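Report on the structure given below.
The values are calculated or read from the model by the stated rules, or taken from the named source; none is laboratory data. It should be emphasised that the depicted structure is a prediction, and the values quoted were computed from it without experimental measurement. Using ideal geometry, Cβ is built from the backbone for each residue, glycine included, and neighbour counts are taken over all protein chains shown. When the accessible area is computed, the model is the full protein with side chains, heavy atoms only, and any ligands, DNA or RNA have been set aside. Shrake-Rupley method; radii C 1.70, N 1.55, O 1.52, S 1.80 Å.
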Amino acid sequence: MPWNVGILGAGPGVAALHLPVLGRLGDLFTVKHIADAGSGCARDLASGFGANWSTGEGDLLADQDVDVVAICTPPAEHSRQVIASVEAGKRAIFCEKPLATSRGEADEAVAACRAAGAVLMVGTNHLFDSAWGRARHHLVALQGQVQAISVTLALPPNDRYHQLVAEGGPFVAARRGRPDLDDPAVAAGVLRQLLTGLAIHDLPAVRDIAPAIDEVVYVRVASPVGYLVGYRAGGVLVQLALTMLPGGPDALWRMGIATTHDRVEVDFPPAFVQAGSATVRVRNVDGQWVTYPRDVEDGYEAEWRLLVSLLQGAVPVEYDELLADAHYAIDLADAAATKLREGARP
């Protein structure tokens, strides 16, 4: 019998990703309720599934037909809504990344789920992409020492992130009142939100092979939206780079891993696109590239299928790993923001 899902949030990610996936997994899930924050989008989205709709979170959490709450709201709301879902007696929570924006919030959210025995999953779809599993297997099998990791993002404009650097709304090329990114305090705040909102997609995978954050070596913030962050993790140098420009390059979302034996590249599909799994390429010591075949299923579908396994008790909920992933991203964002602020001190 399908699990009944209530979705908090009715933005582009819900419309373009989660609802189509849930529609294809109709034997596993039924969309029962969608709630927005007053945009009116929930009503239109719910009509396509014959689901209830509401404004705010109260009615959805009180809906006794809802077994699973999917939290697809702004990051600042996530940890609070996880706890509210547990207190409402919900069986499981699917929380879009990030789980929380501070260590304390992450601790409280995971502790609440653990104490109640509630299933918790954080929707970092790249981690569940079969291509990442293939790349991880390759790294383990060849036993090459990882020397460097790079995550490069070249993305089209995204209103949510351009609002960080443009006063009063979506990005416009010439807008007054744009925050001064030359002010280290302002730039640090923008950087922290970008790392916890965008870099978070890949940080659980990075943590898998570079689990320690020893030192943030360099930090830059680029206008209008971009960053360059480098840090040392044991003997591994990790670099995170983002550019988001109107009329910029074709979308690119690539993780590169250099080892003593070879180089592995994982190219993920652009955001808000469901086009199967990522592509994995490996360059051997002789300079030849090998490309692995892609899978039809992407990370979005894989994470919802895993949620079923968690609900059925076929696999355990990894509370400690979820908390460690949250801490890793938050610690990196805090260290990078501190580096940026301190770099301007005389």
Q.
Probe of 1.4 angstrom, ligands and nucleic acids ignored: what's the accessible area per residue over segment 98-150, in square angstrom?
A. 41 Å²
Q: Go through segment 218-229 residue by residue and turn each phi into a ³J(HN,Hα) via Karplus (6.51, -1.76, 1.60, θ = phi - 60°); whole Hz please, and just put x for glycine and proline.
A: 8, 8, 9, 10, 10, 8, x, 9, x, 7, 9, 10
(Q) With n ≥ 4 as the cut-off for DSSP H runs, can you work out [θ] at 222 nm for the chain, using -39500 (n - 2.57) per run divided by the number of residues, rounded to the nearest 500? (A) -10500 deg cm²/dmol
Q. Based on the Cβ-Cβ distance from ASP286 to ARG24, what FRET efficiency comes out when R0 is 45 Å, to the nearest 0.05?
A. 0.60
**Q.** With 5 Å bins from 0: P(r) over segment 1-129, alpha-carbon pairs, percent
**A.** 2, 12, 23, 25, 21, 12, 4, 0
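Quick one: grab the alpha carbon gyration tensor of segment 115-157, order the square roots of its eigenvalues as a ≥ b ≥ c, and give me rounded if a/c is under 1.5, else prolate or oblate depending on whether a/b is larger than b/c.
oblate
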**Q.** Rounded, prolate or oblate (a/c below 1.5 giving rounded, otherwise prolate when a/b exceeds b/c) for segment 185-337 by Cα gyration tensor
**A.** rounded
Q. Shape call for segment 248-342 from the C-alpha gyration tensor, a ≥ b ≥ c root eigenvalues: rounded (a/c under 1.5), prolate (a/b greater than b/c) or oblate?
A. oblate
Q: Taking the convex hull of the Cα atoms, report for the chain its projected area averaged over all directions, in nm².
A: 18.5 nm²
Q.
In Å², and per residue, what accessible area does segment 300-346 have when probed at 1.4 Å with the other protein chains present?
A. 47 Å²
**Q.** Hz values of 3J(HN,Hα) by residue in segment 54-71 - Karplus curve (6.51, -1.76, 1.60), Gly and Pro given as x
**A.** 7, 10, x, 9, x, 5, 5, 5, 7, 6, 6, 7, 8, 8, 10, 9, 9, 9
Q: Determine the relative contact order of segment 214-346: mean sequence separation of Cα pairs under 8 Å and six or more apart, normalised by residue count, in whole percent.
A: 15 percent
Q) Carbon-plus-sulfur fraction of the accessible area of the chain, 1.4 Å probe, in percent? A) 51 percent
Q: Using a cut-off of 14 Å between beta-carbons, work out the net charge of the residues near ARG24 (Lys and Arg +1, Asp and Glu -1, ARG24 not included).
A: -4
Q | Rel. contact order, % - alpha carbon contacts under 8 angstrom, at least six apart, the chain | A | 18 percent
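At 27 Å minimum axial length over the Cα atoms and a Kyte-Doolittle cut of -1.0, report the qualifying DSSP H helices in the chain, or say none.
319-342
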